[in-house]
Each structure stands twice: as structure tokens, then as C-alpha cells.
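Notes follow the structure.
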Amino acid sequence: MKILAVSDYIEPLHCDLLENAGLSDVRLIISCGDLPPDYLSALSRAFSAPLYYVRGNHDIRYQSSPPKNCIDIHAKVVSVGDLTILGLEGSRWYNGRPLQYTEAQMRQTIRFLRPRLRRFGRLDMVVAHAAPRHIHDAEDPCHRGFRAYRRLIDRYHPKYFLHGHIHRRFEDPSERNTQVGRTRVVNCSGYHLLDCETGHG
């Protein structure tokens, strides 16, 4: 399944990708947060594809004006085709505004989801705004990752962990990826095309 993942800033989708096969067969759009709601709605319309999102720490406006025809998956486990996806919004707590979580709060959110994960029997993808601790994150209070995400990876071994929040532009798509055991952690800042394996052995 080809997935278009977006986060943090609007980067134009190149015409050569649109005209050639690069984006023509996108089947799912994922937003890892901090993007205008109108932009998400426009992406979903343009590609005629479902869009699932989590909010970033700057997405307070979504409370009054959420993106149209898009699905918020924070603290949910959803089935999308052959994929089981878990969503986790927000960043580490740093100044007390909404959409910020302490380590204990995020750990509790994940603990609450364990019965649902057991019912699904597997976890294919985590969609988060923040990164896991010590993977793609930074040392300032706002951009530190969650240790709870490392434990989530170690316990459930998802194939993919998609995140934003750490703003970078990449010369090569491979620079976005870090392999952690069986999990590919991907920084989705701007946009990234992901050819996602959906088969299960």
C-alpha cells in the first residue's frame, strides 16, 4: 500500500511525482500533526484517499475547526485495510499549554490501549507527533521524545513508527529512517512516500 505521510510544514508535492506514478496510486494519507486543517482536507480531496491524523502540539485550532472528512486517531487503535494503526497526539510537556503530555500521562494513555491491542493481536503502525526518546528527538524540553514510545516499540514491534515534530529537510529519503529492531522509525516532516508492507505471515 502506498502511503503519503505529512507533518509540520507544507512542502509542495513535486509535479513530476504527481504526473508520473509516484503519487498517483496513494491509497492512504497520514498526518503526524502541526498542519493547517484546510490543508489536510484538501489532500484528502485531491487524492480521493482516506486521511487519518493525530494533532501536534500547535494544533489547538482543530478543537473548533477540525479537518473535514478526516479521522482523528489519538488514543485509538484502528484497522485500515490490512493495517492495524495506533495514534498518539501531542508533544512532551514544556509550558503547560494543551496537547502536551508528561511521560506518566503518555504511559497511562498507552496502558489504556492494551486491551484493544490484545484484541487485534498485532500492531503494524504507530502514528505519533513526537518521536521516541533518543531516536530523532532533541534535548530541549519541547522536542524530547517519549520513553513510553520506546517501550511501545520493544513490546509490540510495529513495522512502522511515523512521527513529526522534529523539523528537518532531507536530501535523501533514507535519512528519515532509523531501524530499531523490527521497527522502522520515520520522520515525516514535510512529506514522505511510504511503500508499506501489508502482508502478515
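We did not get these values from a lab; they are worked out from the coordinates using the rules stated. As the structure is a prediction and not an experimental result, all values here were calculated from the model. Heads up, the Cβs are rebuilt from the backbone with ideal geometry, glycines too, and the neighbour counts pull from every protein chain shown.
Points worth noting:
- Count Lys and Arg as plus one, Asp and Glu as minus one, and take only other residues whose Cβ is under 11 Å from that of SER31; the net charge is then -4.
- Close amide H pairs (under 5 Å, H built 1.01 Å from N) link ASP59 with ASP34, residues at least 5 positions away or on another chain.
- Per-residue Karplus couplings for the range 176-185, computed as 6.51 cos²θ - 1.76 cosθ + 1.60 with θ equal to phi - 60°, are listed in order as 6, 9, 9, 8, 10, x, 8, 10, 9, 8 Hz, Gly and Pro entered as x.
- Bridgeable lysines around LYS68 (alpha carbons under 26 Å apart, same-chain partners fewer than 8 residues away excluded): LYS2, LYS76.
- Difference of contour (0.36 nm per residue) and Cα-Cα distance, MET1 to SER174: 60.4 nm
- When you count the other C-beta atoms within 10 angstrom of each residue and take the mean per peptide, 124-130, 75-81 line up highest first as 124-130, 75-81.
- The 3J(HN,Hα) values that the Karplus relation (6.51, -1.76, 1.60; θ = phi - 60°) gives for the range 51-56 are, in residue order, 10, 10, 9, 10, 7, x Hz. Gly and Pro appear as x.
- In whole angstrom, the chain maps to an equivalent ellipsoid with semi-axes of 24, 20, 17, each derived as √(5λ) from the alpha carbon gyration tensor and ordered largest first.
- Our summary gives the range 2-195 a relative contact order of 23 percent, counting only alpha carbon pairs under 8 angstrom and 6 or more residues apart.
- Contact order for the range 1-96, expressed relative to its length and based on alpha carbon pairs under 8 Å spaced 6+ residues apart, stands at 23 percent.
- Gain upon complete extension [SER24, ARG61; 0.36 nm per residue less C-alpha separation]: 10.3 nm
- For TYR53, the residues whose amide H sits under 5 Å from its own are SER31, ILE71, ASP72, ILE73, ignoring neighbours fewer than 5 places away on the same chain, with H placed 1.01 Å from N.
- Close amide-amide hydrogen proximity is noted between LEU88 and ALA75, VAL127, ALA128, HIS129, each under 5 Å apart and 5 or more residues distant or on a separate chain (H modeled in the peptide plane; Pro and chain starts excluded).
- Positive minus negative residues near ARG144 (Lys, Arg vs Asp, Glu; Cβ under 10 Å): -1
- Under Karplus coefficients 6.51, -1.76 and 1.60, residue-wise ³J(HN,Hα) of the range 158-166 in Hz, glycine/proline x: x, 5, 9, 10, 9, 8, x, 6, 9
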